[in-house]
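Input: a single structure, listed below in structure tokens.
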Amino acid sequence: MDGAIKEFLSSGAKPILSSDDLGWSNIMLSRWENIPPAHLYDASLAERHVMAIHGTQEPLNLQFFQHGNRTEKKLAPGDIQLLAAGEKWSCRWTRAISFVKLAIDPLFLDQVAEESGFGHTDKWQLEQKPLVRDEKLIVLTRWMMEEVLNGGANGKLYSQSLATTMAVHLLRNYTANASVASSKATNEQVTAAIEYMRMNMEQDISLKELAVVANISLSQLVRLFKQHTGVTPHQYLIRLRMERAKQLIRCGHMSLKEVAAQSGFADQAHFTRQFKKATGLTPLKYASSR
């Protein structure tokens, strides 16, 4: 447990949202609201990289200390701090602060770096950034928060894809001289992953399963899938599930609850939301229009 969390817990503060119950380990998400001023918020030598996205409605001043140097920044909603694991740093603020925190396992970043051709992360060290603006990181974090709020209803493949996409983005943009090696994976490998989806779409398919089937790395799979299909593996799986659901509805032999289960959706409510999002119709209206 890093120094920041220890301080929050000792003051009685708790996150209003956390990924702990979903068992996420590569990237852990928590949301904190109105944390009182800290005399010195010390997270020196934390074991995980930290990304903090500030959400305090009114701009506030934050003092950041590293290697004896002091930097003062005025933070606005959406400003991001990137703080590397193992670095000695601390900060303090003078009034209540709100933010979303992502704690990123360096071993996960190292794994993605190796699989994507970046090399070891000790060569491509994550840079310390007291203040950046990055809309893509904000969007990815928002999607992660939505997944926590809906209890992980989109399954392991979706959450793993988000984590891997965020890791690749960090490696591309916040490590020195990072470059991705060209992949040797072929169309046949993506086709193998798609066929596995077709045969097992009623299961909670993980990104790791698809990578094993395709015989490529997780990050290569995500990148190649987007290149060959225009969408992520999760989005493609939803398309396949929708096509199966339409076929089962047209057959008219199953209840909507059975259709949802046979198509791989968490429950009928989740199926109905996804179906309407994809077609503009509820399953009942779609059935009656056939």
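The values are calculated or read from the model by the stated rules, or taken from the named source; none is laboratory data. Nothing here was measured: the structure is a model prediction, and the numbers come from that model. So basically every Cβ, Gly included, is an ideal-geometry build from the backbone, and we count neighbours across all protein chains shown. To get the accessible areas, we keep the full protein, side chains included, count just its heavy atoms, and leave off ligands, DNA and RNA. Shrake-Rupley method; radii C 1.70, N 1.55, O 1.52, S 1.80 Å.
A compact table of results
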read-out: Residue within the range 60-83 that is within 16 Å of the chain's Cα centre (by Cα), open to solvent by 20 Å² or more (accessible area, probe 1.4 Å) and modelled with pLDDT of 85 or more present; value: no
read-out: Every residue from the range 213-227 that is in a helix (DSSP H, G or I) and surrounded by fewer than 18 Cβ atoms within 10 Å (Cβ to Cβ); value: Lys226, Gln227
read-out: Residue match in the range 201-221 (condition: without any contact (Cβ under 8 Å) to a residue 12 or more places away in the chain, over 15 Å from Gln189 (Cα atoms) and of a type in the set (A, V, I, L, M)); value: no
read-out: Qualifying residue in the range 188-210 (condition: touching a His at 6+ places or on another chain (Cβ under 6 Å) and at negative phi); value: yes
read-out: Filter result for the condition that a residue is more than 12 Å from Pro130 (Cβ to Cβ), in contact (Cβ under 8 Å) with a residue 12 or more places away in the chain and within 27 Å of the chain's Cα centre (by Cα), over Trp89, Trp93, Trp32; value: Trp32
read-out: Those residues of the range 190-209 which are open to solvent by 20 Å² or more (accessible area, probe 1.4 Å) and in a helix (DSSP H, G or I), in sequence order; value: Thr191, Ala192, Ile194, Glu195, Tyr196, Arg198, Met199, Asn200, Lys208, Glu209
read-out: Any strands (runs of 3 or more DSSP E) falling wholly within the range 86-156 and containing at least 2 residues that are crowded, with 19+ Cβ neighbours inside 10 Å; value: 89-93, 97-104
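Matching residues to (1) in contact with a Pro (Cβ under 8 Å, 6 or more places away or on another chain); (2) of a type in the set (Phe, Trp, Tyr); (3) closer than 16 Å to Trp32 by Cα:
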site	(1), (2), (3)
Gly55	yes, no, yes
Asn61	no, no, no
Phe65	no, yes, no
Arg70	no, no, no
Ile80	no, no, yes
Ala84	no, no, no
Lys88	no, no, no
Arg92	yes, no, yes
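Here's the yes/no breakdown for (1) closer than 22 Å to Ala153 by Cα; (2) loosely packed, with under 14 Cβ neighbours inside 10 Å:
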residue: Glu188; (1), (2): no, yes
residue: Ala211; (1), (2): yes, no
residue: Thr229; (1), (2): no, no
residue: Ile238; (1), (2): yes, no
residue: His253; (1), (2): no, yes
residue: Leu256; (1), (2): yes, no
residue: Ala260; (1), (2): yes, no
residue: Ser263; (1), (2): yes, no
residue: Lys285; (1), (2): no, yes
